[in-house]
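Peer 1: Pasting a structure below so you can have a look.
The values are calculated or read from the model by the stated rules, or taken from the named source; none is laboratory data. Please read these numbers as outputs of a predicted model, since none were measured by experiment. Glycine also receives a Cβ, built like all others from the backbone with ideal geometry; neighbour counts cover every protein chain displayed.
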Amino acid sequence: MLVAVIAVLLMAAPGPDMIVVRPDQPVAALVEDRPVALGLRTGSIDRINLNAATVARLGLKPAGLMGKVSLKIGRTRIMDGRNRPVGYAVGGRTAKGRVIWFDGLDGPHDGTIGPFAFPQARIAVELGGGGGQAHAFPLAGAIDTAGYTPVERGSAEGNPDGRWGFGLSFGVEHDYRLPLASAATGAALLAELGGTVTDEVWDEEILLGVTRPVRRVVLARPLEIGPFRLTEIAVRVRDRRDAMGAGDALPEPPRPDDDPAEIVVTGRQQGGMRPIYTLEIGRPVLAACRSITFDKAARQILLDCPPAS
């Protein structure tokens, strides 16, 4: 297992290189010595992303030759924006880095910030649930992606090396009804654990205001990761719009007129873009835990959750 249980209390008194934040409270910051309020994001782009109105208020202009930025899922460009280097401060600590913005993409605050953009080495997010048992995950990712942990699974049909895996992220900003899997992850989990594909489809935000349709899948055996025991997931509906929608097709949901003796063969997606394997656990599941801490120095994600019953 990549997830280890450790006997420490995560929410100790913060030190000089640690900051404690909450998902429902904006993070007070300074950008070029001007105050801004930033929403917390832990499941998408970590770099400071400002609203267009905030950029205008601060009088920021794109950098010269390096002033353009593109938001991509896999190799698919979703939207274009601008960036420039600035000085900023959070919690009394200063840093320098590039901020980004996209025309027409505005949120409830002045912008957003993720763990890798904080000047502090440890970012503890209070979730409001119970604690008592700590779980450590390896921290991967960077400021232009998001913090995630690589999860390795057992053998799966069609994998030359006999194993497969996915990137697991924890998005406190997303009120997902169910943990959200990319199309490829959903198909692989269904093949490994068994289950039922339902006809329930709805739209979810996958990244910075971009929404895509997802489908509810009920797993025959639970997906167990650290403190979580997942029996249902939302799976991105397969399409060719970006790499999260690429991958093998899910079986069609059962219909009232289905013949139980009928043999149905579903093929793998031929050609097209290379799929990505991701799973994001949103705030409704995380709310059972006391805290999640992103420790960039130790390269760990630490969860403090109630002991398993």
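Peer 1: Among the hydrophobic types (A, V, I, L, M, F, W, C) and in a loop (DSSP other than H, G, I, E, B), is that true of A142?
Peer 2: On the way: among the hydrophobic types (A, V, I, L, M, F, W, C): yes; in a loop (DSSP other than H, G, I, E, B): yes.
Here the answer is yes, as A142 does meet what is asked.
Peer 1: Can you list the strands (runs of 3 or more DSSP E) found entirely within the range 13-126 that contain at least 2 residues being closer than 30 Å to R290 by Cα and β-branched (V, I, T)?
Peer 2: Values: elements: 18-21, 27-31, 34-40, 68-73, 76-90, 93-101, 111-113, 122-126.
In the range 13-126, 18-21, 111-113, 122-126 are the strands (runs of 3 or more DSSP E) which contain 2 or more residues that are closer than 30 Å to R290 by Cα and β-branched (V, I, T).
Peer 1: What do you reckon, is A134 modelled with pLDDT under 95 and touching a helix residue (DSSP H, G or I) at 6+ places or on another chain (Cβ under 7 Å)?
Peer 2: No, not satisfied.
Peer 1: While we're on this one: Which ranges mark the strands (runs of 3 or more DSSP E) fully within the range 210-309 that have 2 or more residues being over 20 Å from the mean Cα position of the chain (by Cα) and modelled with pLDDT under 50?
Peer 2: Details: elements: 210-225, 228-236, 278-282, 291-295, 300-305.
Counting at least 2 such residues, we get no strands (runs of 3 or more DSSP E) at all.
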